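A.B. asks: Here it is, the structure in full.
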Amino acid sequence: MKYMKIIGVIIVIAFIFAINFLFRSKFKSGWCIKDNRDGYIWHVNNYSLGTYQIMGWQDSSWGNPVGMKKDILERSDINGIQVYNQTTCPEYSPK
């Protein structure tokens with residue numbers, strides 16, 4: 001009986017961590033984020049269940065939305081510096 005309680009507590013704690021990972025996001029809808037390594041800018045459209053829907057900025061316009069996993073956008077490099085950070089969104093300028 002004692003082991004069942006311990007296993008139950010471990011399952012509840014694992015469930016809480018999984019829910020926290022899936023439903024919390026670092027970047028909000030409408031934000032633009034920039035890759036510090038190459039300067040590429042992404043626009044965050046939506047976040048749902050561990051996946052961001054984002055659009056890339058290229059040739060003075062936004063591209064089509066694509067899905068990108070949370071652990072890719074919220075990662076740090078080997079020095080502990082966050083790879084993607086919030087930045088100002090560029091404005092559309094037709095050619």
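A.B. asks: Does any residue of segment 81-91 turn out to be among the hydroxyl-bearing types (Ser, Thr, Tyr), within 20 Å of residue 18 (Cα to Cα) and touching a helix residue (DSSP H, G or I) at 6+ places or on another chain (Cβ under 7 Å)?
C.D. replies: Scanning segment 81-91, I find no residue that is among the hydroxyl-bearing types (Ser, Thr, Tyr), within 20 Å of residue 18 (Cα to Cα) and touching a helix residue (DSSP H, G or I) at 6+ places or on another chain (Cβ under 7 Å), so the answer is no.
Matching residues to (1) free of Cβ contacts under 8 Å to residues at least 12 places away in the same chain; (2) at positive phi; (3) in contact with a Phe, Trp or Tyr (Cβ under 8 Å, 6 or more places away or on another chain):
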position: 11; (1), (2), (3): yes, no, no
position: 15; (1), (2), (3): yes, no, no
position: 26; (1), (2), (3): no, no, no
position: 33; (1), (2), (3): no, no, yes
position: 44; (1), (2), (3): no, no, yes
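A.B. asks: Quick one: in segment 69-79, which of the residues that are over 17 Å from residue 38 (Cα atoms) and free of Cβ contacts under 8 Å to residues at least 24 places away in the same chain is surrounded by the most Cβ atoms within 10 Å (Cβ to Cβ)?
C.D. replies: Here the residue is 69.
A.B. asks: Taking segment 47-68 as the search range and keeping residues that are over 12 Å from residue 23 (Cα atoms) and under 12 Å from the mean Cα position of the chain (by Cα), which one is surrounded by the most Cβ atoms within 10 Å (Cβ to Cβ)?
C.D. replies: 54
A.B. asks: Would you confirm whether any residue within segment 46-64 is modelled with pLDDT of 85 or more and assigned to a loop (DSSP other than H, G, I, E, B)?
C.D. replies: Yes, because at least one residue in segment 46-64 is modelled with pLDDT of 85 or more and assigned to a loop (DSSP other than H, G, I, E, B).
A.B. asks: Still on this structure, I have one more. Any idea how many residues of segment 65-83 are assigned to a strand (DSSP E or B) and under 13 Å from residue 25 (Cα atoms)? Quick ask: steps written out before the conclusion?
C.D. replies: Just the residues of segment 65-83 that are assigned to a strand (DSSP E or B), to begin with: 66-69, 76, 82.
Those still in the list that are under 13 Å from residue 25 (Cα atoms) too: 68-69.
The number of residues fulfilling the criteria is 2.
The values are calculated or read from the model by the stated rules, or taken from the named source; none is laboratory data. No experiment lies behind these values; they were computed from the predicted model shown. Ideal geometry is used to build each Cβ from the backbone, glycine not excepted, and the neighbour counts take in all protein chains shown.
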